[in-house]
1. Among D:13-21, D:338-346, how do they line up by average Cβ neighbours within 10 Å per residue, starting with the highest?
2. Using mean Cβ contacts within 10 Å as the protection proxy, how do D:352-359, B:66-73, A:506-513 order, highest first?
3. Exposure proxy check: A:123, A:146, A:112 ranked by fewest other beta carbons within 10 Å?
4. Quick one: if you stick a label point 7 Å off each Cα along the C-beta vector at residue B:63 and residue A:683, how many nm between them?
5. Principal axis lengths of the stretch A:299-413 from Cα atoms, whole Å, largest first?
6. If you line up the Cα atoms of the stretch A:251-318 on their principal axes, what length do they span on each, largest first, in Å?
7. If each DSSP helix of 4+ residues adds -39,500 (n - 2.57) and the sum is divided by the residues in chain D, what number results at 222 nm, nearest 500 deg cm²/dmol?
8. With only alpha-carbon atoms in the gyration tensor, what are the semi-axes of the equivalent ellipsoid for the stretch C:1-66, in Å, largest first?
């Protein structure tokens, strides 16, 4: 297959889901239930195209770095804006992930969403989402990336708020939207810095410009800042601390949506973005990325331990795993980070779909029993589902093992690589950087623990309620995706050796690219080994990737290899303890969960309340708003007391500001911006009194103010 | 003091004094008649400025046209015998704003006017400007002249439409 | 002191300010219109004074003629609108015509 | 003393360049007569449409001409031509809107004066787009204003319409009074009314900057009120809300276009240091930083427009604030005061014309059906009329400036001209404003699709002509988001403003 054909297919794979969107939006009413069938078949077709592309790229053109095309879109003054699209190896793999999971979710939803009033609309939105996501995948320039980035945001907003009747759902949609805007602002600024410096949106031009030693504003710090700006986009989409607050709330959307968007594809877009532009990060930017990833992984793991909502546990687990991927990229582990993205996509989608299966069954049982008050998602209402829902249980258990990182699963392969990488990184950089592997290993242990807690409480033992007793297994369109995704979580698909992935095809295809950043601003251990050959060129060819301990790309890889067995032993030990602990507490009840809870009451409450992000924020913002209104009152008040009041206010203001910073209330910031905006709009509105004479007074005052402003 | 100076102060006082009555008077009919004297004062100033044709125009159009129109307006929208022949008071806030703003604007303008070097080449006094105005209007300003006639036509159509009874 | 340009400008400035005051402080719409006429007259004094002291520049007088014509047209339209307001509101107090706001 | 015989020859030449306006004036007179003889409601409308088409033909023939006419009162140049086309297209569309407007239909037996006054307004806007003399600018502004005062109150049995008319006339008269006073000061400073001569004078003599600034800002009051720039915008929400929707649409596009034309021409001709139009950057004479003055107005305008729009519950009022915000975006490009800025304004305006008229048309159709202008009537529209809702979504997305719509391209060019000129801070404020605007536009979209859908409201059906008209605007909104080079080329070819050099 020629490259032209592959490029043609790539544009086809992008546009096909739009078809589903158009058909369902315009003819959805007439199609009724058929729209599910239409959407699913279109996606099946799309998956086949994607598979063809991926196969050809990975087999025929594996050595070619990227197959791409570009064209002038338009010119802005002296600038020409070049856009295009292209397929490199990670894009090829990503195409597979997105289309297959999207197809399975389409299939799953034919049963899950059956009977919903807006069934066709749901499929339309799914199509729109898939289109936008594929656009991100095949973008080879920042402009197109940004455009589809926003589109993904919009379709995600539509899907989260799909059940807008629930107030929480529409609030969650809003929260997701606003939080992502903050990240996107950074993304936009980053792109603008790069565009102003290098005059192009194309990845290759920007990277070539960086490699030539040209720095934005002639200042290497600006390159770091541009990198961090772009990474902020990733922080928003991939729910990295402290912008992570939206993802758990996004679980208000239908569960298949959670599986598709908030587990496997959209949230991975941030990781994908970091991988795509990996070569432009300076050492400082990478450290920043590593720290953010580690904090995310750790904090959300501690929160997941105490959640009782089935989906919330999985949501925090997702945030934590995304943290792992980001951490891996930040510590220089490009291949492992992206590898974890792929393996995680399969098993986390499976976990969410299994959750959907359970919730669906619970709903049915509740409906059957005319119970409209119980929470079908509370794991304390479940129990014993192992017997009533055998297929769901089996697949769920298997992918739980994968997530916990047990050998013979894909999750073991990828997570192990990441953990070894963090150890190697910490060893090479030293000092306080050791905190990264320490937090990473604890997060891995907690992952095993909370996943088995979830499995045991929900599936094992006796049914805790009548509802759970009356559940039964779902129909095939729900079960098949579970099975397919579980199978894809077997190690064999990625590497022949169940405990070391480095020999597998994946690591051959996804080779860490050589950084474009000049050596002075880069980690020395990421620079090419003094092997005498040109690594940049070699990176395009699979063969120089290490196989069995030869020809490391750089010192970090060599070091990672040394740490491989230590990391494996440690992670197995920690994961095993986590699982064991879960069994001791929840299965055999040797240790009372309640007593444990009472003993660590403070910690438990802290975790249960998600580190009080929301509450801390609310109190400070309300306080802040009070302050604002007080300041306004002061404005209207007497001038004599002004100075006295001012100093008091300044002191208090400083107190509040430090209070806000101390508590890192990012969630608060979101609401603050929204409220201040709205508030100031409300105040400005009052100028419009309706009285024409006061308008003229304002105009005259405006003229005078302008004059004085410019004269002074 | 020569005659010109006396005439200037007379007309300036006429203009400003009655101008003040226009905006300060409680009775709307008083205001309307004060406006007559203001216009008359302005016309006087025009004469002093060698704008004899303008002075005539001012008296013809302003006093003969606009003022009559305004008085019609007063009579059509006000019950002369009723209380609202007196223009009521606006809110205190608005009044304060009005006083402060107009005072500052007046001061600003006075400051600017006394501190600016205006475009003042050697003056060539003219006996009558009527002929010059006529020629200029029909040559250099022909388009403006025609445009103004269109504007008047628009205004007539519009005013007639708005003011007539339904259907 | 001989009467010069500045004298006329001062008259114009004060007349302009008086007009503005009338516009923003009078309740009756016709009074507002009178204020407006004062502003236009102030501008005209400027134009003619500048014409006189700017080398007998006839452009200033031409401008003043057009201002007078346009003032007449504007006054006619404004008064027609006032009649209509009177039909609906039974008064012409500008500060009470405020159904639409914010 | 002007030589009359010499002038006659020039007059004949000028008349040749005056053909479009002459056509309009004839149209105006014919429409008056046609209205007298025909009893049909829209007869004058058809006459005016025909007249506008002929005008378009004559206007087309002026492509590429750059010349002064009528002793410099008027100049013919590609820039003015572009604006005149915007005015023509808008008016033609608004006349078509009027044919299907129920609001107007219920209001009067005849709509003769309506179309006649609209023609009067077009004449004013044409003159304004090419005036190069302060008095001519004043007459042109008054011509369009007087027509629009009446048109705003055209449905005179509606209380709000009358109120709109009153507020508009008082505000407009005061603004143009202030402008006139500013003009008189400028005349005193420079001894001339012609923009070109003022420019020559300012280049060769130095004047007090305070006086110049005072007159400049007073003149800006007159221009600013036409484009609804803060703080001269106060009339906008009330008048837009009270006027018939068709007139609101006309005011929000055509008269704004004429306003921008005069602002750009004024600054380019008066304050640029006599460089030919081929130079991209204009060097501004004098010590006043006019860039900064306009930039401040731009920031105020878009911020106020967007913030207050968040609170609106009346659709027309919301679009009024939205149009204020859009004026702010365009003012950003004006603040650059160079040729890329002019091109950006023209591009933005073309896009704005299409999407804004589209939005107003949808509001008109829905408001006519449901007899209300509240934002709430759009709840559940996605189910009551999927096509109209989809199209409205497109217009709103375009107004927000998201791709792949015309609005995005307009914003792109505006922001890039601002960034190119080095006003990064201005661009950042602009982007933040777009984010705010997203909120109120998307809220309407959300309401259409996510509110009140279970209610048993009947489906809405629209006439074929209404749907065709909507699509006439929707399709370009989408296409211009992807294929827009003709507009860009046209705008780039239209940046030449006649400066007499």
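Any read-out appearing in this document is the output of simple, stated calculations on the displayed coordinates, not a laboratory observation. Please read these numbers as outputs of a predicted model, since none were measured by experiment. No Cβ is skipped: glycine too gets one built from the backbone with ideal geometry, and neighbour counts run over all protein chains shown.
1. D:338-346, D:13-21
2. D:352-359, A:506-513, B:66-73
3. A:146, A:112, A:123
4. Taking the two extended label points, one gets 5.3 nm.
5. So the three principal-axis extents are 55, 28, 16 Å.
6. Taking max minus min along each principal axis of the Cα atoms, the stretch A:251-318 gives 40, 24, 12 Å.
7. Dividing the helical sum by the residues of chain D leaves -25000 deg cm²/dmol.
8. Each semi-axis is √(5λ); the values are 26, 14, 5 Å.
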